[in-house]
Each structure stands twice: as C-alpha cells, then as structure tokens.
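Beneath this line is the structure, given in structure tokens, with notes to follow.
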Amino acid sequence: MSKVRFLLLSILLAVLASCGTVKETPNQTEQEPQKPAVTIEEDLSSGKTVLSLQKMQISSDYRMVSVKGGTFLMGAELDGHKEMKVKDFFIGENEVTQGLWEEIMGNNPSHFKGEDLPVENVSWEDCQEFIKKLNAKTGQKFRLPTEAEWEFAARGGNKTHNFALSGSNNADDVAWFCDNSEVKTHPVKQKSSNEIGLYDMSGNVWEWCQAIEGPDGNSCVLCGGSWYNSPSFCSVTKRYERDSTYSGNGSGLRLVLDL
C-alpha cells in the first residue's frame, strides 16, 4: 500500500470515528437552593430590627428580633460561670402562640385555649415537627435556640443590666408566675419586655431549647419558668432537664432563625 493510500485510509477512519462520538457536556455543580429572601425592617417605635412571618406567607402575627452576638458568663454564679460566645441571630419577640401553631399544624394541643396565648402541652419532639412544617412552608431554617442563645437573649444581650429575671428584678414587672397568674397562662406581650425588646422569657411557659446529650441520648432542656413557678424558677439561669417526649401545660417554645 502506497503512502498516499495509507494516509487517505487513516483520514477516512478518523472521520468515521468522530461521527460516532457523542460530546459530553460538563456536569454542572449542584448548588443548594437559595432560601427565599426575608424582609428585615427597623421598628422606629422601639429601635428594634425585626422580621415578620407575615412576610413569609404566614398569616399569624409573629415577629423575630435581631440579637447582636457577643460573649457572656453563662449560668448561675453559685454553680460556676462558663464563658460562652454566640453569633448574631434572630429570636422570637414572644413565645410561639396557639394561633401560629394551629396555622402550621392544624391542631391545638394546649390545655389553656386562646389564639394569643402561648402554645403549651408540647414536647421537644412536637416542636421539631412544628419547625419542620414551618420550614417547608416558608423555605427558611427556623430552629430552637441553643441554651447559650436563649440565656444571652433573656439577659438582654449586649445591653444587659444583669437582672435576675429577664428585664427586671421584680417578677411582677416581667413575668406571669405562681403569685399573679391566677393558675393559668396569659396572652403574650402583656408584661414589660427586657432590654432588647423580648417578652415573657421569664414565666408564662417554660421554653424548649435544642437537645443536649444525656445518658439515654434524648435529654433536653427547658428554660425560663412558667405560670405555676416561683420567681426563683423564672430566672434567666434556671434550666430544667426533661425527656424529649415530655409535655405539660407549662412547656412551650420560642423560635430562632439564622441569617
């Protein structure tokens, strides 16, 4: 075979091979879906930076308040302080109400009924199911606060006056507790707020925090005291460990959102 014929045959084979080749397109990098944008507003009357769930296809009036992160000494002095650092976050201006719970869950497990009353009689596991459905509806990533976030916010964040209760040393000013509750919960935001504009972090209902590790793997923490407790149980440092399935007419929750 001459060199010319060999060259022509090689070219022909190369052309035939290229015709059967399918060009692959590079795989596009899969990206996590973007969270829907939230509307952050300045409340001129209070000076708080807030966001409203009503801007997230939620009809219930529930607002989140911006908390600037910082470092603080966590826990009661007698038990030994522990230095903790928290990042910026948004936390519920008040406890989750029965109106919001029922809008998301379609039921109301509370013993004391009222749309503006805090939801209660909910376990930590119930709260996780509520948050899962709320996140599915809003496209956000709500969660329970960590113990450190809860206490930092209850103390008044970086504006703290180091009160024993959230916003005062006088329980009647800021809390519904055993001596003034008339043996029941009360509508949220009826008492004075703390230094950063949060209500009912002392009294009314205990509030679930994120789970902690326990011997059985499901030990969880409630903070803040409730309508049936004395003021000492409504302090910013009081914590109460219970099983994740526990529920009672003094246990509720407050939401946190990272941005």
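The values are calculated or read from the model by the stated rules, or taken from the named source; none is laboratory data. The model shown is predicted, which means the values in this text are computed figures rather than measured ones. A quick note on method: Cβ atoms are made from the backbone with ideal geometry, for glycine too, and the neighbour counts reach across all protein chains shown.
For the subset of the stretch 106-144 comprising residues that are among the aromatic types (Phe, Trp, Tyr) and farther than 17 Å from Pro187 by Cα, which member is surrounded by the most Cβ atoms within 10 Å (Cβ to Cβ)?
Filtering the stretch 106-144 for residues among the aromatic types (Phe, Trp, Tyr) gives 112, 124, 130, 142.
Adding the requirement that they be farther than 17 Å from Pro187 by Cα leaves 124, 130, 142.
Working: Trp124: 24, Phe130: 20, Phe142: 20.
Filtering the stretch 106-144 for residues that are among the aromatic types (Phe, Trp, Tyr) and farther than 17 Å from Pro187 by Cα, the one surrounded by the most Cβ atoms within 10 Å (Cβ to Cβ) comes out as Trp124.
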In the stretch 129-161, the residues that are without any contact (Cβ under 8 Å) to a residue 12 or more places away in the chain and not charged (D, E, K, R):
Asn135, Ala136
Checking Thr245 against (1) closer than 17 Å to Val119 by Cα; (2) in contact with an Asp or Glu (Cβ under 8 Å, 6 or more places away or on another chain); (3) at pLDDT 95 or above, the condition it does not meet:
(3)
Cβ-Cβ under 7 Å, sequence separation 6+ or interchain: first residue in the stretch 175-203 and more than 17 Å from Gly252 (Cα to Cα), partner among the polar types (S, T, N, Q) and at pLDDT below 95. Which pairs?
Gly197/Ser46
Restricting the search to the stretch 145-175, which residues are more than 25 Å from Gln190 (Cα to Cα) and not small (Gly, Ala, Ser)?
Thr146
Considering the stretch 74-125, residues that are among the small types (Gly, Ala, Ser) and at pLDDT below 95, and then whichever is farthest from Val174 (Cα to Cα), we arrive at Gly80
